[in-house]
Amino acid sequence: MNTVGLVAFALVGATKAIREEFDVFGIAVVGLVTAFAGGATRDLLVNRVPLALRSLGEISLGLLGVGLAVGLSVVLDSPDDHPITLVADAVGLAAFTTAGAIVATDAGLSGFGVVAVATINAVGGGAFADILLDRSPFILFDDFYASCAVLGGSAYWLAVAVGAAGSTAAVACATVAVGTRVAAVNYGWSLPTVQMFGPTRERIGDKR
Amino acid sequence: MNTVGLVAFALVGATKAIREEFDVFGIAVVGLVTAFAGGATRDLLVNRVPLALRSLGEISLGLLGVGLAVGLSVVLDSPDDHPITLVADAVGLAAFTTAGAIVATDAGLSGFGVVAVATINAVGGGAFADILLDRSPFILFDDFYASCAVLGGSAYWLAVAVGAAGSTAAVACATVAVGTRVAAVNYGWSLPTVQMFGPTRERIGDKR
Amino acid sequence: MNTVGLVAFALVGATKAIREEFDVFGIAVVGLVTAFAGGATRDLLVNRVPLALRSLGEISLGLLGVGLAVGLSVVLDSPDDHPITLVADAVGLAAFTTAGAIVATDAGLSGFGVVAVATINAVGGGAFADILLDRSPFILFDDFYASCAVLGGSAYWLAVAVGAAGSTAAVACATVAVGTRVAAVNYGWSLPTVQMFGPTRERIGDKR
């Protein structure tokens, strides 16, 4: 799952950079940041040297995703919207959420810390990539994406809290994350804004 | 003071995100980032696991601030400009500056390190929130805000340098920070830009 | 070399902030971030307290660069484009790349980790400064700049891999970085974008 996720995340990030007409260095950086910055931030938060800087296997997968993005951009309009990419991305979201929850639990963080680190592991790379592309991270106002990581991380913490084994908690976490994400894509879920609650819409809208 | 600050900072950050029509996840993230990212960066810089990920009490205060922002947005035009918020924010600025100065001094940093970490602790969360909202951090070109943290941190370092006890230094730091901030709001202080020094104005202005 | 680099980087960063009409606090922050954020990120990635927070000598050089930027902005149109600045910046790029490669090798990182940390050390500060100025880091789509750090870091790693002494590797790294950078400025090198490979240009351009 982690393998699929690294390739998919790098592909999605690199495709965004291609669309912005970044040069090949920029494309590689945005792709690798999307795939690895979440995990690197997780490692920094629990005081570890980021895994991606210590092993070569994971980076090769990221570079494969970048190469796929470059190759596919020549034959496809938007390889990051292809159904296969969406499913692979959902699998990656689940894998990264689970990895974050496990590391955070091992580091003795609080329940909030477990959910926060799981979510950062899953969506931090994409959020950082959006900042490099000079936009607000899309997870903050669009789509039902980071919420799947929050739900998965909460499932992990809950499972551990009721005494389940680590492996059971991991399965619960991954299942919840990938399940809610696939459902969100299929049914077009999104979260409400405060403006949807009525009377504030115009007043606040006017101020922008 | 720290309690007041966490609630006020989260309220101010969440209000900004509401104004940008972020969804409820985005509102919570920007609010919590405003309240906690400064302290988390401080902890990373001195190689500690961020406190906010280890305890639950502080996070509850942040979530209270986010909830207040959502609730007050329905009844007030801009809860972040309310006089009570401005005072609470000044108290938070002083509390966070002091906390940063104490941690930095304990970690054996240089005089510059103490002032830098105190300032990052106080304004780093707001600066990061502005980046998430896709703008330049307001502290860099507007208002007399970060300067209060710089002055407070310098007061702490100076007090320690002349042999004062830690508690005396903390009182000096908090007093200077909150005092200069309240004065800045009342009298509309701001720092000069280079353009204000005359002949460069047009030449540099033309280049933008 | 490190001395020259710190002054040059701070000067370049501060000049950008002056052009955006930031106030003097903002100018100092962007200048110091350009000079020190790359090294600080390097230190965080290998779990060290950033050197710039522990010693005073380096910070003085950064402040000197900021002061030069303010002073020169009054008499020059754009001190950051002056030939002397460009050469000093190339020297700094080489010095920071080499420092990053040494620290990363000492920390036992993989070949990719060495190149990545060397590059982050060299260009991370400038990239972070661009984010503070609310733009995409220029290294991602413009110029042949970060590539010099990648080549220098690769030369270091290669030299160590074939059994060269650390000092030989450092000389190779610095020579490659400064040499390719000076050549890039003189001959106007840049990296290709994917759009340059033809048929994708219009399709992807249309989507923006």
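The values are calculated or read from the model by the stated rules, or taken from the named source; none is laboratory data. Keep in mind that this is a model prediction, so the values were computed, not measured. Cβ sites come from the backbone with ideal geometry, for glycine too, and all protein chains shown count toward neighbours. Only protein heavy atoms, including side chains, enter the accessible area calculation; ligands, DNA and RNA are left aside. Shrake-Rupley method; radii C 1.70, N 1.55, O 1.52, S 1.80 Å.
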**Request:** Taking the dipole about the Cα centre of the protein assembly as shown, with the C-beta of Lys and Arg at +1 and of Asp and Glu at -1, give me whichever of B:Ala69, A:Ala161, A:Pro192 is farthest to the positive side.
**Result:** A:Ala161
**Prompt:** Hey, what's region B:34-185 come to in accessible area per residue, 1.4 Å probe, Å²?
**Reply:** 35 Å²
**Asked** Probe 1.4 Å, all protein chains in place: accessible area of C:Val103 in Å², nearest 10?
**Response** 20 Å²
**Asked** Using a label position 7 Å from Cα in the Cα→Cβ direction, what is the ascending list of nm distances from B:Ala161 to the same site in the other copies?
**Response** 4.9, 4.9
**Complete:** The correct pair for region A:82-208, radius of gyration to one decimal and Dmax as a whole number, both in Å and from Cα atoms, is 16.2, 52
**Assigned charges on the beta-carbon of Lys, Arg, Asp, Glu; region A:18-96 dipole about Cα centre (debye)** = 440 debye
**Item:** Within-14-Å neighbourhood charge of B:Gly31 [Cβ basis; K, R +1; D, E -1]
**Value:** -4
**Request:** Using only Cα atoms, locate the centre of region A:174-192 and the centre of region A:1-51, then give the distance between them in Å, rounded to an integer.
**Result:** 22 Å
**Asked** How big is the Cα convex hull of the protein assembly as shown in projection, averaged over all directions, in nm²?
**Response** 28.2 nm²
**Prompt:** To the nearest 10 square angstrom, what accessible area does B:Val33 show with a 1.4 Å probe?
**Reply:** 30 Å²
**Prompt:** When chain A is treated as a GNM, springs tying every alpha-carbon pair under 10 Å, which of A:Leu56, A:Leu109, A:Leu158 comes out with the largest mean-square fluctuation?
**Reply:** A:Leu56
**Item:** Estimated [θ] at 222 nm from DSSP helical runs (n ≥ 4, -39500 (n - 2.57)) normalised by residues in chain B, nearest 500
**Value:** -25000 deg cm²/dmol
**Request:** Write down the Å³ per residue value for the convex hull defined by the alpha carbon atoms of region A:71-114.
**Result:** 84 Å³
**Prompt:** Mind checking Rg over Rh on region A:2-195, alpha carbons, Kirkwood formula for Rh?
**Reply:** 0.97
**Per-copy distances of the C:Asp134 label point, shortest first, in nm (7 angstrom along Cα→Cβ)** = 1.1, 1.1
**Asked** Gaussian network model of chain A, Cα springs within a sub-10 Å range: biggest mean-square fluctuation belongs to which of A:Gly152, A:Gly65, A:Gly113?
**Response** A:Gly113
**Message:** Averaged over its residues, how many other protein chain Cβ atoms are within 10 Å of peptide C:45-54's Cβ atoms?
**Reply:** 6
**Asked** Mind checking the dipole of region C:2-194: about its Cα centre, +1 per Lys or Arg Cβ, -1 per Asp or Glu Cβ, Debye to the nearest 20?
**Response** 520 debye
**Request:** Quick one: divide the alpha-carbon radius of gyration of region B:33-81 by 2.2 N^0.38 Å and tell me what you get.
**Result:** 1.43
**Prompt:** At the nearest 100 Å², what buried accessible area, both sides summed, do you get for B and C when the probe is 1.4 Å?
**Reply:** 3000 Å²
**Prompt:** What are the distances, in nm and sorted shortest first, from the label point of A:Asn2 to the label points of the same position in each other copy, with each label point placed 7 Å from Cα along the Cα-to-Cβ direction?
**Reply:** 3.5, 3.5
**Request:** Using a 1.4 Å probe and ignoring any ligands, DNA or RNA, find the accessible area of A:Met196 and quote it in Å² to the nearest 10.
**Result:** 120 Å²
**Message:** Taking each residue in B:187-194, count the Cβ atoms of any other chain within 10 Å of its Cβ, then average. What number comes out?
**Reply:** 4
